[in-house]
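Data block below; observations after.
No value in this document is a laboratory result; all are computed from the given coordinates. The shown structure was predicted, so the numbers you read here are calculated from the model rather than taken from an experiment. Virtual Cβ from ideal backbone geometry, glycine too; neighbours counted across all protein chains shown.
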Amino acid sequence: MTATTTAPPLESGSVDVVRLMTDIAEKVSGPAADEVDRLGRFPSETIDALRADGLLWALVPREFGGLGATLSEVSEGLVALGRQCASSAMVVAMHHIQVACLVRHGTNDLLRSYLAEAVEHQYLLASATTEVGTGGDVRSSVCAVDVEGGTFRLEKQAPVISYGNFADGILVTARRSEDSPENDQVIVLCRPPDLELEQVGEWNALGFRGTCSPGFVLRASGDADAVLDQPYGDISTQTMLPIAHILWGSLWLGIATAALDRARRFVQAEARKRPGTTPAAALRLADVSALHQQFSDLVRGSVRRYEEIEGDGERLSAIGFAIGMNSLKVSASTLVVDVVRQCMVICGLSAYRLDGPYSLGRHLRDSMGAALMVNNDRIMGNNAQLLLVHRGE
Ligand SMILES: Cc1cc2nc3c(=O)[nH]c(=O)nc-3n(C[C@H](O)[C@H](O)[C@H](O)COP(=O)(O)OP(=O)(O)OC[C@H]3O[C@@H](n4cnc5c(N)ncnc54)[C@H](O)[C@@H]3O)c2cc1C
């Protein structure tokens, strides 16, 4: 299916990325969301629609053929997508995190020419950071890149690669060489035809079912220039980690917003049944609206915080910034569950049911994944260490 929208120019000559993503969310992703969840199938209609409008590589600057979109625009688009179909939004968020890494750090000739090709074909990029043996500790790897005669080789046991079977390329973390310690990592662009994925197991999960995230043994080779020049540690600190937390937070905000929409409609319907009285749940609605506002301000404030310093590697690498971006993830992943849970109490059985206009089963199940995507305990553990040496703002 292709998008029902086209890309009209704004006065500035740019494309209205937020409006296009919102249109796709409402017209394409929303109607398919329950089926995507029920069948645990890949949300291909959403990806096709984004692809048709050139939105998959929206973050790429215009000089390389992209739309030159800002992080705020993609973040707002993901709020809209998360509101309709969290699985679609998670796929799109994970893809954009990889795009941001390539745009900001893929500076050699091979990776720059890949960027132009990827924009033209609107490739979908996945990520393999998690590994058997290190689990969610993304800052250490077991596997290593073997570079010889200008060619790299790599094999990784990856317990989860979302949409691995649907991706056109994967950014993979690994040790720099066989002799490197576990935290001396690089990130490598792996792509067909020199990328082989041997699926291990199935993805039958509580939530984010449409991300289709089974395990794989990943084998890849290719031009050694597909290994990004900068150490993964810098790429992670300046780009992958903060942008992941911002974009995940955006789609989780979308889930919470959808739940709040349902709770508000429920209370308003109750009020219409008994004119002149305020339903008991209205107070709870006021309470959860305040919580949602905190969530919204947190995500939007964090986007601004990133954009203010995105060109300044030193400030992006500052301890205070890392603590802030880690805290964003832990707070956002907690708030999404809190908001959805409170909305469920407001709507009662109507939310507990798996059908009907106030059902919140899918939202609750999806929201539970947020705290596990790089476990909050690990992230808090990192912050605990950073705080031992942080000198304050
Ligand atoms: C929907 C979804 C999609 C995903 N997609 C991808 C993907 O595309 N690519 C990818 O690479 N990964 C992906 N992941 C993996 C994800 O990012 C995490 O890395 C993974 O879920 C962690 O797995 P785990 O919970 O088994 O392991 P762990 O992180 O090891 O956690 C297991 C337990 O050990 C505890 N623990 C272990 N070590 C520590 C420590 N040092 N400090 C504190 N607690 C600790 C944790 O708190 C937790 O209780 C996805 C996850 C989800 C939920």
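Determine, yes or no, whether Glu178 is over 22 Å from the mean Cα position of the chain (by Cα), without any contact (Cβ under 8 Å) to a residue 24 or more places away in the chain, farther than 24 Å from Arg365 by Cβ and surrounded by fewer than 20 Cβ atoms within 10 Å (Cβ to Cβ). Here the answer is no, as Glu178 does not meet what is asked.
Just one of the numbered conditions (1) in a strand (DSSP E or B); (2) without any contact (Cβ under 8 Å) to a residue 24 or more places away in the chain; (3) under 30 Å from Gly254 (Cα atoms); (4) of a type outside the set (A, V, I, L, M, F, W, C) is not true of Thr173: (2).
Being farther than 24 Å from Glu35 by Cβ and either of a type in the set (D, E, K, R) or part of a helix (DSSP H, G or I) (or both) is the requirement here; does Asp366 meet it?
no
When the residues of region 34-55 are filtered to those that are in contact with a Ser or Thr (Cβ under 7 Å, 6 or more places away or on another chain) and either assigned to a helix (DSSP H, G or I) or free of Cβ contacts under 8 Å to residues at least 12 places away in the same chain (or both), the one that is surrounded by the fewest Cβ atoms within 10 Å (Cβ to Cβ) is Asp48. Go through the residues of region 70-81 one by one and say whether even a single one is more than 20 Å from Thr237 (Cα to Cα), surrounded by 24 or more Cβ atoms within 10 Å (Cβ to Cβ) and touching an Asp or Glu at 6+ places or on another chain (Cβ under 7 Å). Within region 70-81, not a single residue is more than 20 Å from Thr237 (Cα to Cα), surrounded by 24 or more Cβ atoms within 10 Å (Cβ to Cβ) and touching an Asp or Glu at 6+ places or on another chain (Cβ under 7 Å).
Yes or no, residue by residue, for (1) in contact with a strand residue (DSSP E or B) (Cβ under 7 Å, 6 or more places away or on another chain); (2) under 27 Å from Val147 (Cβ atoms); (3) away from the ligand (no atom under 16 Å from the Cβ); (4) not in a helix (DSSP H, G or I):
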position: Pro193; (1), (2), (3), (4): no, yes, yes, yes
position: Ser221; (1), (2), (3), (4): yes, yes, yes, yes
position: Ile235; (1), (2), (3), (4): yes, yes, no, no
position: Pro242; (1), (2), (3), (4): no, no, no, no
position: Val267; (1), (2), (3), (4): no, no, yes, no
position: Pro275; (1), (2), (3), (4): no, no, yes, yes
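All conditions in (1) under 22 Å from the mean Cα position of the chain (by Cα); (2) closer than 16 Å to Val200 by Cβ; (3) not hydroxyl-bearing (Ser, Thr, Tyr) hold for Val142, with the sole exception of (1). Regarding region 330-343, can at least one residue be identified that is within 11 Å of the ligand (Cβ to nearest atom) and either under 22 Å from Val160 (Cα atoms) or in a helix (DSSP H, G or I) (or both)? Scanning region 330-343 turns up at least one residue that is within 11 Å of the ligand (Cβ to nearest atom) and either under 22 Å from Val160 (Cα atoms) or in a helix (DSSP H, G or I) (or both). For region 344-363, the set of residues classified as in a loop (DSSP other than H, G, I, E, B) and either of a type in the set (Gly, Ala, Ser) or more than 17 Å from Thr257 (Cα to Cα) (or both) consists of Gly348, Arg353, Leu354, Asp355, Gly356, Ser359, listed by residue number.
Looking at (1) more than 13 Å from the ligand (Cβ to nearest atom); (2) of a type in the set (A, V, I, L, M, F, W, C); (3) under 23 Å from His96 (Cα atoms), which is the only condition Ala144 fails? Failed condition: (3). Here Leu372 fulfils each of the conditions (1) farther than 14 Å from Thr239 by Cα; (2) surrounded by 20 or more Cβ atoms within 10 Å (Cβ to Cβ); (3) of a type in the set (A, V, I, L, M, F, W, C) apart from (2).
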